[in-house]
């Protein structure tokens with residue numbers, strides 16, 4: 001354990017992160033632009049005293065679980081995460097390709113798109129972050145757990161969500177989801193979590209199993225879809241997807257494709273999130 005270097009690295013990473021990068025308000029009482037120890041403790045699920053002792057080089061060796069929690073709280077890159085493990089005297093565990101946080105830059109882009117629905121997804125189809133406009137349009141997509149985190153799983157195992165798409169689009173939408181998943185699985189070759197997920201979905205859904213055997217591969221970067229909203233009716237939407245260089249995260253932006261859809265989207269803004277039915281969640285019109 002490199003106690004002094006660990007303390008220095010943790011302190012410098014904390015001070016380099018803007019509160020907005022982790023969803024915290026800057027607030028008038030902050031003396032510096034970075035995070036406070038209290039913020040890191042809250043994000044990592046540990047005591048402020050322990051964070052202080054780590055930064056002062058006074059702690060015992062932290063467990064691998066605590067190091068992983070700190071890496072997530074500090075939004076460390078893969079290289080930084082591995083470095084943190086080495087400083088703490090641990091061998092870095094393999095990166096879990098299924099567990100991610102939305103990148104700070106993509107989250108900032110979400111905030112800029114105030115009235116335009118936008119979502120950050122992983123290449124596996126898990127929603128990591130949304131702006132308010134997208135929550136009004138499709139509900140909170142980040143609350144799902146287990147295999148339900150992935151849109152492709154919900155589409156093939158929960159028929160009720162298909163009501164958000166016209167029946168004539170169901171087949172194409174399903175094929176798009178399968179082709180996109182196939183592309184992600186290819187990039188994550190050898191990842192046992194990904195392979196296990198595909199195996200479970202194949203066992204649950206005949207339609208998925210049928211389409212999976214056709215071996216179609218594609219990443220949908222632009223599309224036009226119809227989303228049927230229970231409050232305002234059908235919306236014709238252009239879907240543009242910005243894919244990160246490593247292809248593991250993507251920003252999806254949905255814009256109205258005609259005047260009626262624009263007016264209905266504006267109506268949703270007026271209705272407001274507080275009036276949105278809390279027991280209905282819609283799935284996005286593309287992934």
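We did not get these values from a lab; they are worked out from the coordinates using the rules stated. Every value quoted in this text rests on a predicted model; they were computed, and no experiment measured them.
Structure summary
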read-out	value
With Cα atoms, 0 to 90° folded angle of helix 170-187 axis to the chain main axis	30 degrees
Angstrom value of the Kirkwood radius, inverse mean 1/r, which spans all Cα pairs in the range 166-216	11.5 Å
Dimensionless Rg/Rh of the range 3-87 - Kirkwood Rh, Rg from C-alpha atoms	0.94
Helical mean residue ellipticity (222 nm; -39500 (n - 2.57) per DSSP H run of 4+; nearest 500) of the chain	-13000 deg cm²/dmol
With Cα atoms, 0 to 90° folded angle of helix 78-87 axis to the chain main axis	30 degrees
Whole-percent pair-distance distribution, where bins are 5 Å wide, for the alpha carbons of the range 104-275	1, 8, 16, 21, 21, 16, 9, 5, 1, 0
Angle in degrees between helix 259-271 and the longest Cα principal axis of the chain, rounded to the nearest 10	50 degrees
